[in-house]
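The values are calculated or read from the model by the stated rules, or taken from the named source; none is laboratory data. In this text the structure is predicted, and so the values were computed from the model without any measurement. Every residue, glycine as well, gets a Cβ built from its backbone with ideal geometry; the counts of neighbours run over all protein chains shown. SASA here: full protein model, heavy atoms, side chains in, ligands and nucleic acids out. Shrake-Rupley method; radii C 1.70, N 1.55, O 1.52, S 1.80 Å.
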Amino acid sequence: MDTHLLSAWLSARSIARGLPLPVLDHGGWRVDTGLPDELRRHVFARPDQAISTLASTISSPHILLKLCGTGEQLLRLLPPCWQLLQDRFFMMHEGALAAPGLPAGYRLDVVTTDAISVAHIRAEDGSSAASGHAVEVGGVFVFDRIVTEPAHRRRGLGRAIMAALGDRQRSGSARRVLVATEDGLELYKSLDWCVLSPYSTAAMAC
């Protein structure tokens, strides 16, 4: 995995979510998230023995280890009491983002403040139907938290959110990146995103 790309994505993600910026730690990056279910995360660009060394010092299930690599590669570096969490995928996009029209009854709004863009699609009654965030910083344009509410899925709203956010990209050379869940993987593939790497996560289970 390109270490500059991963570092830039981590920084953009922190900016989008109001978290501390990543710092170098054990050959990877540490983000002190300070959340109730996640005290911090450690992210590595590739398998490394430093992951094993770090894991041996961890005693909390709320400290996550993340690797650009398969779950099997990550587990081989960890003590037996660790388990894998949901698979994710580091993805990149090149070229134009298609801009589908909105179905009748929906309204799209996009607000950009500094480097952060936030898009909302609201239903006719004003309730949230879909939303997403994007951040442009450090040579990357990062899409984050792209969500379509269950009652409004399969209507092209996710595509509309992506296109609306993509319109806010200022630099033509910024690389578009995101991390997809298994549920979102097929949507992004249909929009011509390509998988650069599996993105695996583990936490202590005992």
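Separation of segment 11-31 from segment 151-206 is 20 Å, based on Cα centroids.
Note on the chain: with a GNM built from Cα contacts shorter than 10 Å, the maximum mean-square fluctuation among D25, D37, D48 falls on D37. For I146, nonlocal amide neighbours, meaning residues 5 or more places apart or on other chains whose placed amide H falls under 5 Å from its own, are H133. Computed from phi, the 3J(HN,Hα) profile of segment 155-165 under the Karplus parametrisation 6.51, -1.76, 1.60 (θ = phi - 60°) reads 10, x, 6, x, 4, 5, 4, 4, 5, 5, 5 Hz, with x in place of Gly and Pro.
Given the peptides 154-160, 101-107, arrange them by the average over their residues of other C-beta atoms within 10 Å, most packed first.
154-160, 101-107
For the options Q83, Q49, Q169, a Gaussian network treatment of the chain with springs between C-alpha atoms closer than 10 Å singles out Q49 as fluctuating the most. Karplus-based coupling profile of segment 121-134, in residue order and whole Hz: 10, 10, 6, 4, 8, x, 6, 6, 9, 7, 7, x, 10, 8, with θ = phi - 60° in 6.51 cos²θ - 1.76 cosθ + 1.60 and x standing for Gly or Pro.
When a/c is below 1.5 the answer is rounded, else prolate if a/b is larger than b/c, else oblate, so apply that to the chain with a ≥ b ≥ c taken from the square roots of the Cα gyration tensor eigenvalues. Mind dumping the intermediate values first?
Details: a/c = 2.03, a/b = 1.80, b/c = 1.13.
Here the chain falls in the prolate category.
Taking amide H positions as modeled 1.01 Å from N, with prolines and chain starts lacking one, the residues under 5 Å from G69 and 5 or more places away or on another chain are Y199, S200. Within the listed set C194, C68, C81, the residue fluctuating most in the Gaussian network model of the chain (springs between alpha-carbon atoms under 10 angstrom) is C81. Converting phi to 3J(HN,Hα) with the Karplus coefficients 6.51, -1.76 and 1.60 and the offset θ = phi - 60°, segment 62-74 yields 9, 10, 9, 10, 10, 9, 7, x, 6, x, 4, 4, 5 Hz in sequence order, with x at every glycine or proline.
With a 1.4 Å probe and all protein chains left in place, how much accessible area per residue does segment 51-91 have, in Å²?
I get 46 Å² per residue for segment 51-91.
By the Cβ rule of 4.7 Å, the chain holds the following cysteines without a possible disulfide partner: C68, C194.
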